[in-house]
Each structure stands twice: as C-alpha cells, then as structure tokens.
1. When you go through (1) surrounded by 19 or more Cβ atoms within 10 Å (Cβ to Cβ); (2) of a type in the set (Ser, Thr, Tyr); (3) farther than 24 Å from residue 129 by Cα one by one for residue 273, which number turns out not to apply?
2. Could you tell me which of the residues 229, 208 is within 19 Å of residue 101 (Cβ to Cβ) and of a type in the set (Gly, Ala, Ser)?
3. Which one of the conditions (1) modelled with pLDDT under 60; (2) outside any helix (DSSP H, G or I) does residue 153 fail to meet, given that it meets all the rest?
4. Residues of the stretch 100-116 being assigned to a helix (DSSP H, G or I) and modelled with pLDDT under 75, which ones?
5. Does the stretch 238-258 contain any residue that is surrounded by 14 or more Cβ atoms within 10 Å (Cβ to Cβ) and without any contact (Cβ under 8 Å) to a residue 24 or more places away in the chain?
6. Here is a check on your reading of the model: is residue 268 of a type in the set (Gly, Ala, Ser) and modelled with pLDDT of 85 or more?
7. Could you tell me which numbered condition residue 254 fails, if it satisfies all but one of (1) part of a helix (DSSP H, G or I); (2) small (Gly, Ala, Ser); (3) in contact with a helix residue (DSSP H, G or I) (Cβ under 6 Å, 6 or more places away or on another chain)?
8. Where in the stretch 162-250 are there helices (runs of 4 or more DSSP H), lying wholly inside it, with at least 1 residues that are basic (Lys, Arg) and out of contact with any Phe, Trp or Tyr (no Cβ under 9 Å at 6 or more places or on another chain)?
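The values are calculated or read from the model by the stated rules, or taken from the named source; none is laboratory data. All figures in this text were calculated on a predicted structure; none of them were measured in a lab. We place every Cβ from the backbone using ideal geometry, glycine too, and count neighbours over all the protein chains shown.
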Amino acid sequence: MKFIKRLFIGLALGILVVIPGLSTGTLAVIFNVYDGLIQIITPNVKKIIKEWKFWLPLVIGGVAGLAFISKIVTAAYDKYPFPITWFFMGVIAGSLPLLYGRMKPASFKTQSFMRTKALPAPAPLICAAIALAVMIVMAVFSPDEGVTVYTEITPRLFALLALAGAFSAIAMIIPGISGAFLLLLIGLYRTVIQSVSSFNIPLLIPFALGILAGLLAGAAFVRFLLSKAPSETYGAVFGLVAGSIAVLYPGGLGAGSTAVISLICFFAGAVISFLLGWKKN
C-alpha cells in the first residue's frame, strides 16, 4: 500500500516539476516525504540503496508525471498563453499565506498557520524585502522568455542547460521555490519542456547532469539553512515567490473573452494553491 501511495505522490511531484510557480518542495512537505527526500540526496550509495523502497515509487511516479504533463503544458502555452500564465500567477499568489506563516517561528509548532497572529521577527522581514527587491529588478531588466526553442545542441547550450539544471535542482529542494520558474527566468523553460516532450536526448543529457550535480551540492546546504535559520530562509523564499509574480506578468489579460478567462484562471490557481497549503499534513 505504501508503494502505491508513494507512486501517486511521485506522479504529483513530477507534474509540478514542469509548472512554473508550483513548488515540488512545498508539495513534498504537504505529503510528508520532504525529510526523507532530503536525507537520501547524498553521495552515500549504500544509504540510497538501503532506502530503495522509499524513493523508487517516487521516481517511477515522477518520471511518469513529467513525461505526461510536459506535452500538455507545451500545447497549452502555444494555444492559450495569457490564461496559462495568469493561472501560474494565481498559484504563486495562493501559496504566499503558507510561506508567510513559515516566516514565524511559532508556525513550525502548529498545524494551522493561519491561527498564528504574531508578526515575524525583523530578520525574516528584511530577508523577504531583499529577495523581493532582487526579483523586481530581475523582472525589469531580464529579457522576455520569448519564443525561441532550441532543438540542436551546441557547446554553449550544453553549458547553459547544465547550469540551468543545477540551479533548478537546488530550487526544487527549497519549499516555495519553483525550478520551472527559474527556467522561465533564464529563457530555457520552453526548450527544456519541448525536449522532454519530444525526448530530445542530446538536450536532456546536460540538463540531467546539472540536476544531479545541483541535488548533491545543494541538499546539504539547504538542510543547514532550514535547520539553523528557518524563519530567515523562508523570509527569503517568501520574497522570491512574491516577486516571481512580477516576472511572470504577461503585460495584460488578453483581448475580449480571453481577459475573463485569464481572471478565472488566476483565481482558480490561487484557490488550488491555497487549499494545498491549508490541507498541510
């Protein structure tokens, strides 16, 4: 039974990997597998093999979810860019109450973060403000993710995909941060999604190598931050996630009925994301 349960959890995690704004780390916390995942991300091969009953169904489900949803996301972006983008923005907005609660030390001791009325300490607020400012600056000066989709590997693209994979893996480890969002930010999101959808192995190899390196290098650092300064860490996470709304903003709602659909998608995404946090395990 545990195998089947973790298989479906892995499926959900794999789906979230390709959706900007949705954090696989947050969902791992909700499904109560986050601590286990952090502990097995290690160069210790014996430890990994010993825990195969835990991670194998998650990996199988994750690969299945990734392969399935990538095709849907690629097609949806091409046909409905405004509603899909506004849905992602709603998902981000809906996750902010959960992240805000994690900025307050008391929220780590209660299941209902909305009941924690005390304001965060100054340090987490400062971290949040700095991270938010960074994201706003990036939103102003970063180029549009654009329509360029790379299909052929070059030495420069190999290096970029490896770095993108590493940073995305580190981002996925941190609850609240979306690895897919970082790909959007640096302009490689659609390239990676298209590569997964079409099984473009030459492009997937450097990205996979980067993910492996990022997981190994980032897991220990993330464990250290979350254990030594959880409120400050989540303060920075809150600022990064809130600022990502400005980065994703598509410049409008779209024309005619598209604007109405975009607003509906925004509120739907916000409700879904908020309920995921509210039903935190």
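1. (3)
2. On the way: 208 fails: within 19 Å of residue 101 (Cβ to Cβ).
Result of the check over 229, 208: 229.
3. That leaves (1) as the condition not met.
4. 102, 105, 106, 107, 108, 109, 113, 114, 115, listed by residue number.
5. no
6. Against the criterion (of a type in the set (Gly, Ala, Ser) and modelled with pLDDT of 85 or more), residue 268 qualifies.
7. (1)
8. Output list reads 201-228.
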